[in-house]
Amino acid sequence: MIKKIVVIMAACLVFSQVVFADAVVSVDKSGESTKKEATAASTQSNELASPVSTMINSRTRLRKTPNKSGIAYRMLEKGEKVSVLGASEGWVKVETKHKFESGEFMTGYVWGGNIPEDTARNVGATDKPKVQLVVSSKQSITPQAGTRVVAVSQPAKVVDVKPLEDARDFFASRVKKLETENLGLKADLTKKSEELNKKSEELLKRSSELKAVQVALADASSRATRAELAATKSESEKKALTSQIVSVKAELQTLLAGGDVKLLAMADTGEAVFFKEIGEANMAGSDGKTVLRFPLSASNKADAVLNGAKAEKRIRGAFVYYILDSKALAF
């Protein structure tokens, strides 16, 4: 910021010298003001007796009128051939190979510097009055013959330094104030930095604690998963043992049944039938007895339906068998 203030002070000094300086321009007495002669220009285009063929030497715009604010028809590329029709104030009027919607060849103006220099000179695009400034100094300059001379005299400068001294004092006091504010800002920044470092240390400490808690949670979750797997395994083993017990009981009942083994085997390959209120079953019969085989899951329904028929119940594997008098069944 101090550098910016120094730059502003230097700019003020230069501006003050320019404001308080005084210059007088004297013009030769030729009957008209040289300044007016140098700035006056003809607004009419000097038409040529016959077109001059040339080419564009740098990419430029083709404008409707001979000035930079004129409407641009299009871009002309370097190397395009054009015909020069006239010149006006450094601009040249050209005809191009492009056409308007009406079918006429597109004409307009380009700056004289965009065609070869010799062509521009021949058509008068560079024909401007020469004005040579001669500034009074220790070094003498000899003007060329036929050149109009403008003499600029530089009288003694009278500069009031009081405004400059006031500006210097103002900027000096401002710099001192800014330096004081800068010291205060540095102190505040140091304090804030220390507080930030302290909070960062606390955050790191809490982060370590959080990591420890996360590790403990992960360990607990792992142990819970292992316990769940062990419980699932125990449940599977329990189901397997229960199935074995049921199978053993069925085999025991088969042994106790004695002659019923043949009937039970017949039911395994017997006729498939459907019992109301129970479901599908296999049925076989021999010597006035009928044996029915149901899935073990249907035993409760079968018990309720066949209880009145005084059926003998046998369980073997995943099936339940009922042996009853064939006359108890109605088809």
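The values are calculated or read from the model by the stated rules, or taken from the named source; none is laboratory data. Only a predicted model underlies this, so the values are computations on that prediction, with no experimental measurement involved. For neighbour counting, all protein chains shown are included, and Cβ atoms are generated from backbone atoms with ideal geometry for every residue, glycine included.
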Boolean, Lys186 is under 60 Å from the mean Cα position of the chain (by Cα), in a helix (DSSP H, G or I) and either among the basic types (Lys, Arg) or surrounded by fewer than 10 Cβ atoms within 10 Å (Cβ to Cβ) (or both): yes
Qualifying residue in region 226-240 (condition: part of a helix (DSSP H, G or I) and surrounded by 12 or more Cβ atoms within 10 Å (Cβ to Cβ)): no
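Among strands (runs of 3 or more DSSP E) lying entirely in region 258-304, which contain 3 or more residues that are in contact with a strand residue (DSSP E or B) (Cβ under 6 Å, 6 or more places away or on another chain) and surrounded by 14 or more Cβ atoms within 10 Å (Cβ to Cβ)? First the steps, then the outcome.
Values: elements: 271-275, 279-286, 289-295.
Fully inside region 258-304 and qualifying: 279-286, 289-295.
This table checks each residue for (1) in contact with a Phe, Trp or Tyr (Cβ under 6 Å, 6 or more places away or on another chain); (2) modelled with pLDDT under 85; (3) of a type in the set (A, V, I, L, M).
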{"position": "Ala187", "(1), (2), (3)": "no, no, yes"}
{"position": "Glu195", "(1), (2), (3)": "no, no, no"}
{"position": "Asp219", "(1), (2), (3)": "no, no, no"}
{"position": "Lys238", "(1), (2), (3)": "no, no, no"}
{"position": "Leu252", "(1), (2), (3)": "no, yes, yes"}
Unmet criterion (only one of (1) exposed (fewer than 11 other Cβ atoms within 10 Å of the Cβ); (2) of a type in the set (Val, Ile, Thr); (3) more than 26 Å from Asn122 (Cβ to Cβ); (4) modelled with pLDDT under 90) for Val25: (1)
